[in-house]
Amino acid sequence: MRQSGHHFVYGSLKDYLTGEELPDTDDERFRQQLARLLVEEKGFAKAELEPRLAIETLFNSVFVRSIIDLTVSLNGQRLLILRYGPGSLVTREKPALAAARVLDAACCIPLALVTNGRDAELLETAAGKVLAVGMSAIPDRTRLAMLAVQHPPRPPLVGAERERNLRVLNAFDLEVCCRRKERCGQS
């Protein structure tokens with residue numbers, strides 16, 4: 001076991017969806033459980049889940065790579081993003097909403113889910129309203145199809161509105177190490 005930033009790395013593990021080798025951390029173990037839950041219990045096909053999509057931003061000379069843990073599609077349409085992070089869900093809402101609004105160049109993804117592994121919130125991304133709370137808020141395939149009818153994808157953001165959401169991601173997803181208040185991976 002070694003420490004990378006503020007994460008313990010136990011070795012490597014195989015990604016449930018892709019078979020790719022990934023660092024084995026507590027956070028990655030939960031992400032893998034989440035993917036397994038969506039396939040084995042919630043009825044999604046592996047092909048409907050896209051892991052680790054990224055949005056890159058650069059503002060005020062600060063580069064941030066925001067990772068979307070899972071993106072869920074039905075019939076080729078991205079409908080839901082899932083973001084995991086330990087701690088308070090409230091602090092995860094704004095960047096999840098921003099990510100859903102700008103990830104897909106063709107549309108605003110209508111739903112976002114934030115989870116810390118013990119709790120979850122399902123959000124609709126147009127107004128940012130919480131639709132459901134608790135781990136039961138994670139929709140199964142049938143429920144997601146129904147939610148997509150109630151909350152269809154909107155046209156993509158452009159101009160200042162898109163930039164505002166990218167700035168939210170840049171500000172919220174900047175990793176600062178806990179102890180020394182420096183960016184992770186830097187000395």
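The values are calculated or read from the model by the stated rules, or taken from the named source; none is laboratory data. Computed from a predicted structure; not experimentally measured. In this analysis, Cβ positions are derived from the backbone assuming ideal geometry, glycine residues included, and neighbour counts consider all displayed protein chains.
Consider R164 carefully, then state whether it is charged (D, E, K, R) and either touching a helix residue (DSSP H, G or I) at 6+ places or on another chain (Cβ under 7 Å) or modelled with pLDDT of 95 or more (or both).
Yes, satisfied.
What are the residues in the stretch 37-47 that are surrounded by fewer than 13 Cβ atoms within 10 Å (Cβ to Cβ) and under 18 Å from M135 (Cα atoms), if any?
E40, E41
Based on what the data block shows, is P110 of a type outside the set (A, V, I, L, M, F, W, C) and either at pLDDT 95 or above or closer than 24 Å to A45 by Cα (or both)? Give the steps one after another, and end with the answer.
Numbers: of a type outside the set (A, V, I, L, M, F, W, C): yes; either at pLDDT 95 or above or closer than 24 Å to A45 by Cα (or both): yes.
Yes; evaluated as a whole, the condition is true for this residue.
Here are some residues: L157, L122. Which one is of a type outside the set (V, I, T) and in a strand (DSSP E or B)? I'd like the intermediate steps shown before the answer.
Numbers: L157 fails: in a strand (DSSP E or B).
Matching residue, one of L157, L122: L122.
Could you grab me the full set of residues in the stretch 132-143 that are touching a residue at least 60 places away in the same chain (Cβ under 8 Å) and either within 24 Å of T91 (Cα to Cα) or in a strand (DSSP E or B) (or both)? Talk me through it step by step, then tell me what you get.
Of all residues in the stretch 132-143, those touching a residue at least 60 places away in the same chain (Cβ under 8 Å) come to 138-142.
Across the stretch 132-143, the qualifying residues are I138, P139.
State whether the residues of the stretch 54-68 include one that is acidic (D, E) and within 19 Å of G134 (Cα to Cα).
In the first step, residues of the stretch 54-68 are kept if they are acidic (D, E); the result is 56.
Of the ones still in play, those that are also within 19 Å of G134 (Cα to Cα) are none.
Taking every residue of the stretch 54-68 in turn, none turns out to be acidic (D, E) and within 19 Å of G134 (Cα to Cα).
Taking the condition crowded, with 23+ Cβ neighbours inside 10 Å and among the β-branched types (V, I, T), does I109 pass?
Yes: the conditions hold for I109.
Listed residues A106, A96; which is among the hydrophobic types (A, V, I, L, M, F, W, C), over 17 Å from L144 (Cα atoms) and over 15 Å from the mean Cα position of the chain (by Cα)? Outline the logic, then answer.
Values: A96 fails: over 15 Å from the mean Cα position of the chain (by Cα).
On inspection, the qualifying residue turns out to be A106.
Do you know which of the residues in the stretch 9-32 that are closer than 18 Å to G117 by Cβ and of a type in the set (S, T, Y) is surrounded by the most Cβ atoms within 10 Å (Cβ to Cβ)?
Among them, the one singled out is Y16.
Here's the yes/no breakdown for (1) within 17 Å of the chain's Cα centre (by Cα); (2) surrounded by fewer than 12 Cβ atoms within 10 Å (Cβ to Cβ); (3) in contact (Cβ under 8 Å) with a residue 12 or more places away in the chain:
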residue	(1), (2), (3)
L34	yes, no, yes
L49	yes, no, yes
L58	no, yes, yes
V62	no, yes, yes
G76	no, yes, no
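Given the criterion surrounded by fewer than 18 Cβ atoms within 10 Å (Cβ to Cβ), closer than 22 Å to D27 by Cβ and touching a residue at least 40 places away in the same chain (Cβ under 8 Å), identify the matching residue among L82, L174. Give the steps one after another, and end with the answer.
Numbers: L82 fails: surrounded by fewer than 18 Cβ atoms within 10 Å (Cβ to Cβ).
The match here is L174.
Determine which member of the set R101, R162, R92 is surrounded by 14 or more Cβ atoms within 10 Å (Cβ to Cβ) and out of contact with any strand residue (DSSP E or B) (no Cβ under 8 Å at 6 or more places or on another chain).
Details: R101 fails: out of contact with any strand residue (DSSP E or B) (no Cβ under 8 Å at 6 or more places or on another chain); R92 fails: out of contact with any strand residue (DSSP E or B) (no Cβ under 8 Å at 6 or more places or on another chain).
Exactly one residue qualifies, and that residue is R162.
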